[in-house]
Amino acid sequence: MARYSFFFLSNGLVIFFNDIICDDPDMPAPVSSQGIFELNMNVAGNCDLTYMKTMRFLHLPALLTSLFLTALMISVSARAANDSFSTEELLRGFEKTVFGLEYRSWSWRPYLVKKFTQPVTFYVHNLSRRDRTRVVHRFVREIDRRIGGLETSITNDPAAANFEVFVVDRAQYVSVVQRDIYKNDRAKVPGRCLVRVVSGRKGIKRSSAVIVSDEGEFLFKRCLVEEILQGLGPMNDHQDLTHSVFNDASRHSRFTVFDQIILNMLYDPRIRPGMSMKQTKPILPLVVRDARRRVR
């Protein structure tokens, strides 16, 4: 957890950035809005910047200058985070997340590539007392921006979706998983939140995620990011992935730069559903290089 305060003084314009609170060990994370003007910009995928109420704007040119400087700072930070990972780290991260499965009994062939080969259409079932629909939609749009080779959309018709997201309170969790995910009211329900993926030789057919809403913002955001991203294919957690949300021991609750590169590797057209680790090895160095460029 870290707290930073910044101010820019440019031609009479005073802007205060305050309470930039981060739960990532290597880069800052989210805060609630305190001001009348909020920038939902992301520093290396992990940190939101929020203007305080005490700001005052004196004229437009200075505002534009300061916004430009802020955007430049964000770009440089994201690039620095990208460059901090070696090719070997990213190759190991890809192998540990893509070739495996957290709950192995859920898949016929867990050690093969799993990914969508068609557009992913999301539908949100908000069953929680608190309406989280807009938050989920915002993350889906972020995924669409950040992952090349993947097309996403949001539908109002659950029958048209191939990725359903159930937002529930803890008291609803077991019954929703049994009824809507397993279709079995006696099924054993693991985890604090989960995603189930149905896949075959031609790719993922459909995914369903269940996210708990009422046990704090950290758990909600953590589950939202991890389960939806895992529903796109990288389904394994590993304790060595310190820069990733795919590690139950990490404190990440954002779509980290590391994970953005992993997802861009997975959705590179050269990586095909059903490929084994051995089949991907010859092309992965080029895939890593191109994924880095997309994330920049």
**Complete:** log10 I(q)/I(0) for the stretch 214-296, Debye formula on C-alpha points only (no solvent), q = 0.17 Å⁻¹, two decimals, reads -0.73
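What is the order of Leu232, Leu91, fewest Cβ neighbours within 10 Å to most? Please list the in-between numbers first.
Numbers: Leu232 23, Leu91 17.
The fewest-first ordering by Cβ neighbours comes to Leu91, Leu232.
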**Request:** Extending each Cα 7 Å along its Cβ direction at Asp157 and Gln279, get the distance between those two points in nm, one decimal.
**Result:** 3.4
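Roughly what % antiparallel, to the nearest 5, for the DSSP beta bridges in the stretch 87-295?
Expressed as a percentage, antiparallel bridges in the stretch 87-295 total about 35.
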**Asked** Sorted from fewest to most neighbouring beta carbons within 10 Å, what does the list Ile262, Ile204 look like?
**Response** Ile204, Ile262
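Going by C-beta contacts inside 10 Å, put Phe94, Phe99, Phe218 in order with the fewest on the left. The partial results should precede the final answer.
On the way: Phe94 24, Phe99 19, Phe218 13.
Neighbour counts put them in this order, fewest first: Phe218, Phe99, Phe94.
Please figure out what share of the DSSP beta bridges in the stretch 158-253 is antiparallel and state it in percent, rounded to the nearest 5.
On the way: 7 of 13 bridges.
If I count the DSSP bridges inside the stretch 158-253, around 55 percent turn out antiparallel.
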**Message:** Treating the stretch 82-224 as a set of equal point scatterers at the Cα positions, no solvent, please give the Debye-formula log₁₀ I(q)/I(0) at q = 0.09, 0.14, 0.16, 0.19 Å⁻¹.
**Reply:** -0.31, -0.76, -1.00, -1.35
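Quick one: net charge around Phe220, please, counting Lys, Arg +1 and Asp, Glu -1 for every other residue with C-beta under 10 Å from its C-beta. Don't skip to the end; give the middle numbers.
Numbers: positive: Arg130, Arg132, Lys221, Arg222; negative: Asp214, Glu215, Glu217.
Value of the local net charge: +1.
Each reported figure results from applying straightforward, stated rules to the coordinates on display, with no laboratory input. Computed from a prediction, not measured in an experiment: that's the story for all the values here. Using ideal geometry, Cβ is built from the backbone for each residue, glycine included, and neighbour counts are taken over all protein chains shown.
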